[in-house]
Amino acid sequence: MLMLGKLIILKFEGDFEQGFRVSLEVSQEGDRPFLEASGALPANPELVTRLHHWQQSYRSLDVASRIKPKEIFYGGSIQQMECRRWAQELGQSLTRWLASDAFAAIDKRLREALSLNEPIRILIRTEDRNLRHLPWHLWDLLDRYTQAEVGFCASIAQRIEVHDRRKGKVRILAILGNSRGIDIQADRQLLASLPDAAVQFLVEPQRHEINDRLWNQPWDILFFAGHSETNAQQGRIFINDRESLTLDELRYGLRQAIAQGLRLAIFNSCDGLGLVSQLEQVHLPCAIAMREPVPDRIAQEFLKQFLIAFAAGDSLYLAVRRSRERLQGWEGNFPCASWLPVICQNASESPSTWQSLRGATLRRQSDRDIWKRVKVLLLIAALVTSLIVGVRSIGWLQRFELRAFDQLVQRRLAEPPDDRILIVSVSEADIQYQDQMGMARRGSLSDRALLQVIQRLQPYQPRAIGLDIYHDFPFEPELAQALKETPGFVAICKVSASEDNPSIAPPPGIAPAIGFSDAVTDFDGVMRRQLLGMTASEACPTSLSLSLQMALSFLASENIAPPQRNPAGEVVIGDVRFPRLAHHSGGYQLAPTEANGYQILLNYRSAAPPQISLRDLLGDASDSQLADRVRDRLILIGVTADNNDVHATPYRSSAARRTAGVIIHAQMISQIISAVLDRRPLLWWWPEWAECLWIGIWAIAGGMVALGWQWLAPARSWRLWLAVVVGLGALYGCCALVLLRGGWIPIVPAAIAFLVTAAGLAIGSSTNRSHHESTVR
């Protein structure tokens, strides 16, 4: 627990021309003042003159600072010497002023009220901007009291009521603005590495984006890095390379953020006192800024040291002091670096700690108090669940979830092949057969061979014939005429257009139905998704896939109406809804470009549809055999010899056992017609809230296993491991059973939640039998 210290408020009224009346209040943090005194400081316009000379010399230094880019000045070592000279004169003048007789009574009473080993906050309440620019850390009081730090506060202060909210992580809105000439990526890395923090970055945002975040989400810390300036006492931040704004232009959003719990603003940018002045008007509890232009390297170093100290448990004031003092080691190259950081505090508010921003509360519990154990269990389960859901949402678990999905698919009961589809396969032997028969070809299938296939199949009245072979050149005249007379013929084209994967046009000269052959594969090369539709291209003028075109041809003959859209925008064929795969569906955490088109999950059969080779079809197959295999079937013609058109599937993922593209297209066709006619389940998934609940349930289950072991047999660890194995087996069985009905529910996140909660409680019990937990505020 942080030790409560003293709060000192020095109120200044007047100016440097006439002098200042100074009043002193000393109180214990959170209490009313126990000491009040009054005094004065004499007029001292010379001090202001020295301040301005120092500011001018400091701003002429040759450093890459975070001031507005076009206002950076350049000099050299002479300027550094000049800066140090004016800094020394300014410091000496300030020391003499504070040692004046009129101020001596306050100084004496103040020192008598303080202890060397307690935290001390010194707030200088003033509206005089020159007072705020003075290097108050040079006051010899701070040398004696090493846990004291100075901050500034406005004359008017108001406490904003904030409704109690659930916390667990420090929520930080980090605005990374115009970074021309400076490196703010270091700031980003420092923030991203913070423990127990949820950081949302806005990189060179538009004004409305900042405003929306302030209104729509609660934040604990507002952070800005980039270029800023103060002009005529008004601060301005440069949010991108085209826009800048004052904080007055975000006044209403900032008020809303403060009402929702915003406690601290950090401006790791130049000349920030004007920014802080605007925040005081909306009564922000606390802000940290740089009183002058800050060198880029100094801004990074201060942020690093401050975040380390603050997150480790130091009070905000002590963290600023320690970080500021560490900057002295850089003053060989960056004069007066330790003068720059400044705190501005709402006098009616207490400064936050890292722990209070987290809202972490831990309670003592007794071995005999079962209900308190349950509360701890629920707390840990909630934290574990939140962590896992967060990790899952950024895609870190996707690889493992997809592999677990493949394992579950492989262990389902085998299904018979769909005999409503017949694949005419063109293997390497079939390609050689065409060459032996003198069939001239431009690809894997000659026009003459295709004509013979059509003539061989047509008498047996197949429902439709699909050609899963690109043919972007005209058919031979006889073949073209035959295709025009072939009902239900579907050709293919390719929509995707890139240098590595160019578009391919459909066959010219005839107008058969066409479907695109584009498919989507996952990061590991496994094809688990099916495209039903996507935006057409100029080369491939269709929005329907080959599989959907073929399936619709078959279903039309079964008097099934064409597909419709329900109010949610989902495709419905007959009365079957085809759930669309979105960015976050099941175990997928897809980028927006990866979820293009209308995608569904592909529910493979373990066995591929029947096949007949080109040679057998044109040569050895009898009429009676063909009649049984072709009549009322969907015929799909494709190549099985092309190593460029083979893909991994959940059943066959090794390089030696990959599946030809034509077989995968047949699986896709089978999925559609089986779902509509046979009610074979499509793969579905829960909404995100249900998945979070499921993960939370298994986190609680893991905690219950650990608590049960603590109560019943804490000396027998093998019982704990047995219970863990049984629990994981139950989880696997649940997920496998649900998958039989088409449901893909989280197994990997649930298993991790179960294990982490069980291990955390078990380890805590083993290392601390009394179950004491400290209270952090």
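The values are calculated or read from the model by the stated rules, or taken from the named source; none is laboratory data. What you are looking at is a predicted structure, and each value in this text was computed from that prediction instead of being measured. Because the Cβ atoms are built from the backbone with ideal geometry, glycine has one as well, and the counts that use them run over all protein chains shown. All accessible areas refer to the heavy atoms of the entire protein, side chains included, with ligands and DNA or RNA removed. Shrake-Rupley method; radii C 1.70, N 1.55, O 1.52, S 1.80 Å.
In the context of the full protein assembly, ARG207 retains an accessible surface of approximately 100 Å², using a probe radius of 1.4 Å and ignoring ligands and nucleic acids. No disulfide-compatible partner, judged by a Cβ distance under 4.7 Å, exists for the following cysteines of the chain: CYS83, CYS153, CYS270, CYS286, CYS336, CYS344, CYS692, CYS734, CYS735. Is the shape of the range 174-326 rounded, prolate or oblate, going by the alpha carbon gyration tensor and its root eigenvalues a ≥ b ≥ c, with a/c under 1.5 for rounded and a/b larger than b/c for prolate? Here the range 174-326 falls in the rounded category. Across the range 742-756, coupling constants 3J(HN,Hα) worked out from phi with the 6.51/-1.76/1.60 Karplus curve, θ = phi - 60°, read x, x, 9, 10, x, 9, 5, x, 5, 5, 5, 4, 4, 5, 5 Hz, and Gly and Pro carry x.
Evaluate E = 1/(1 + (r/R0)^6) for ARG180 and SER498, where r is the Cβ-Cβ distance and R0 equals 41 Å; express this FRET efficiency to the nearest 0.05.
FRET efficiency, ARG180 to SER498: 0.80.
Database remark: amide H of HIS584 closer than 5 angstrom to the amide H of LEU590 (H placed geometrically; neighbours at sequence offset of 5 or more, or on other chains; Pro and chain starts carry no H). Applying the Karplus relation 6.51 cos²θ - 1.76 cosθ + 1.60 with θ = phi - 60° to the range 17-26 yields 3J(HN,Hα) values of 6, 9, x, 10, 8, 10, 10, 10, 10, 10 Hz, where x marks Gly and Pro. On full extension, the segment bounded by ASP101 and THR146 gains 13.7 nm, given 0.36 nm per residue less the C-alpha separation. Our helix-only sum for the chain, with -39,500 (n - 2.57) per DSSP H run of n ≥ 4 divided by its residues, gives a mean residue ellipticity at 222 nm of -12500 deg cm²/dmol. Full extension of the chain between ARG159 and GLU36 gives 42.0 nm of extra length, using 0.36 nm per residue less the Cα-Cα distance. Phi-derived couplings, Karplus 6.51 cos²θ - 1.76 cosθ + 1.60 at θ = phi - 60°, listed residue by residue for the range 338-347: 6, 7, 7, x, 9, 9, 10, 10, 6, 5 Hz, with x used for Gly and Pro.
Backbone N atoms of the range 242-272 closer than 18 Å to the 7 Å Cα→Cβ label point of VAL203 belong to residues 242-243.
Entry comment: accessible area of the range 239-397 is 37 Å² per residue, from protein heavy atoms only and a probe of 1.4 Å.
With an 8 Å Cα cut-off and a minimum separation of 6 or more residues, compute the relative contact order for the chain in percent. Kindly include the intermediate steps, with their values, before the conclusion.
Values: 1465 pairs, mean separation 86.8, N = 777.
For the chain, the relative contact order is 11 percent.
Remark: spin-label model distance ARG251-GLN458 equals 8.1 nm, labels positioned 7 Å along the Cα→Cβ axis. Summing charges over all other residues whose Cβ lies under 12 Å from the Cβ of VAL630, with Lys and Arg as +1 and Asp and Glu as -1, gives +2.
Ordering of 457-468, 687-698, 514-525 by packing is 457-468, 514-525, 687-698, highest average first (other Cβ atoms within 10 Å, averaged per residue).
Counting only the Cα atoms, the chain fills a convex hull of 211 Å³ per residue.
For the chain, what number of Lys pairs, 8 or more residues apart or on separate chains, have alpha-carbon atoms under 22 Å from each other? Each step should come with its number before you reach the end.
Numbers: LYS6/LYS108; LYS11/LYS108; LYS167/LYS372; LYS167/LYS375; LYS169/LYS304; LYS169/LYS375; LYS484/LYS494.
Total qualifying Lys-Lys pairs in the chain comes to 7.
On the range 451-501, 47 percent of the accessible area sits on carbon and sulfur atoms, based on a 1.4 Å probe.
When the range 113-198 is described by a simple charge dipole with +1 on each Lys and Arg Cβ and -1 on each Asp and Glu Cβ, the residue from LEU123, HIS137, GLN189 located farthest towards its positive end is GLN189.
All other residues with a Cβ under 13 Å from the Cβ of GLN28 taken together, and with Lys, Arg as +1 and Asp, Glu as -1, what is their net charge?
Details: positive: LYS6, ARG32, ARG121; negative: GLU25, GLU29, ASP31, GLU118.
My count for the surroundings of GLN28 gives -1.
For the chain, the longest principal axis of the Cα atoms and the long axis of helix 370-393 meet at an angle of about 70 degrees.
Under the classification rounded if a/c is under 1.5, otherwise prolate if a/b is larger than b/c and oblate if not, where does the range 312-460 fall, given a ≥ b ≥ c as square roots of the Cα gyration tensor eigenvalues? Oblate. Using a probe radius of 1.4 angstrom, the carbon and sulfur fraction of the accessible surface of the range 284-323 is 52%. Solvent-accessible area assigned to carbon and sulfur over the range 221-269 amounts to 39 percent, based on a 1.4 Å probe. Using a simple spin-label model with pseudo-atoms 7 Å out from Cα toward Cβ, ARG412 and ASP212 lie 3.8 nm apart. Each Lys or Arg adds one and each Asp or Glu takes one away; over the other residues whose Cβ falls under 13 Å from the Cβ of PHE152, this sums to +2. For the peptides 340-349, 133-142, 592-601, 472-481, the ranking by mean Cβ contacts within 10 Å, running from highest to lowest, is 340-349, 133-142, 592-601, 472-481.
Among DSSP beta bridges lying fully in the chain, give the percent that are antiparallel, nearest 5. The partial results should precede the final answer.
Working: 46 of 104 bridges.
Bridges in the chain that DSSP calls antiparallel: roughly 45 percent.
Report the calculated FRET efficiency for ARG109 and TRP330 (r = Cβ-Cβ distance, R0 = 41 Å), to the nearest 0.05. So the FRET efficiency works out to roughly 0.65. The accessible area of SER60, taken with all protein chains in place and a 1.4 Å probe, comes to roughly 30 Å².
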